[in-house]
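Visitor: Just passing along the structure, written as C-alpha cells.
Quick note: the coordinates plus some simple rules give every number you see, no bench work behind them. From a predicted model like this one, the values you see are computed outputs, not experimental measurements. We place every Cβ from the backbone using ideal geometry, glycine too, and count neighbours over all the protein chains shown.
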Amino acid sequence: MKFLLLLVVVFIAVWAWRSSRLADTGRKQKPASRPPLQDMVRCAQCGVHFPQADAIAGRNGLYCCAEHRQRAES
C-alpha cells in the first residue's frame, strides 16, 4: 500500500513538472509571422505578373525590366 501511495505521489509530481515546462515553452514561442502582402502588377510588354515594388514605370504602363520598357516605347 505504501508503494502504491508513493507511486501516485511521484506520478503527480512528474505530471505537474512536465505541464509547467510545456506551459513555459508555449509562452516563449511566437506565432509564425507572415511576410506582408505585396500588390502584383502586369508587365505591359510580356504580361508577366510581379511585385509592384519591382516595377519600372514607363509612358505606356509598368514593365518588369528596362529592356521591355525600351522595346515598348521605341
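Visitor: If a residue has to be free of Cβ contacts under 8 Å to residues at least 12 places away in the same chain and in a strand (DSSP E or B) to count, how many in region 34-56 make the cut?
Guide: Total meeting the criteria: 1.
Visitor: Also: Hey, any hits in region 50-63 for a residue that's charged (D, E, K, R) and within 19 Å of the chain's Cα centre (by Cα)?
Guide: no
Visitor: Applying the selection to region 30-63, what residues are surrounded by 10 or more Cβ atoms within 10 Å (Cβ to Cβ) and among the charged types (D, E, K, R)?
Guide: Residues satisfying the conditions are R42, D54.
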